[in-house]
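For reference, the structure discussed in these notes is given below.
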């Protein structure tokens, strides 16, 4: 996020100096999350509005996900005009609500037709179409939507 913000209006002296300092430290370890978060908060403090979109949050490791969500909460605290849009599977809802109690949640579920369309597109783009006959293709398109609807 910091890189994207910096690319829009150049890198501030604060950011440049922080990266130089971290590079000189033992092993040139680079900036750590707390350092980056502080720079990010200072960078966004001058903005009127900020939109942060993160897709597939559930794919982060639990530790990293928790740190990211808490960092986002801190950004929203510093910049009330910030808006955060997150996507993820339902099992991470509690983590999000813990940090964003007034979060608006929109549950989405694919329809039977969505699943079939997705499968057909993926099967059509198979790099080895000869590895599958029509019967196997029909089984895949029939069985997978049934199994998903049982979940």
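The values are calculated or read from the model by the stated rules, or taken from the named source; none is laboratory data. Note that this is a predicted model, so its numbers are computed, not measured. In this analysis, Cβ positions are derived from the backbone assuming ideal geometry, glycine residues included, and neighbour counts consider all displayed protein chains.
Considering each residue of segment 41-59 in turn, at least one proves to be surrounded by fewer than 13 Cβ atoms within 10 Å (Cβ to Cβ), at pLDDT below 90, within 21 Å of the chain's Cα centre (by Cα) and farther than 30 Å from residue 144 by Cα. Consider residue 82 carefully, then state whether it is at positive phi and touching a residue at least 24 places away in the same chain (Cβ under 8 Å). It is false that residue 82 is at positive phi and touching a residue at least 24 places away in the same chain (Cβ under 8 Å). Taking segment 77-111 as the range and being surrounded by fewer than 12 Cβ atoms within 10 Å (Cβ to Cβ) and assigned to a helix (DSSP H, G or I) as the test, the residues that pass are 77, 90, 91, 94.
Scanning segment 112-132 for residues that are surrounded by 10 or more Cβ atoms within 10 Å (Cβ to Cβ) and either in contact with a strand residue (DSSP E or B) (Cβ under 8 Å, 6 or more places away or on another chain) or not in a helix (DSSP H, G or I) (or both) yields 126, 132. You will find that of 68, 72, the residue that is in contact with a strand residue (DSSP E or B) (Cβ under 7 Å, 6 or more places away or on another chain), in a helix (DSSP H, G or I) and closer than 28 Å to residue 20 by Cα is 72 and no other.
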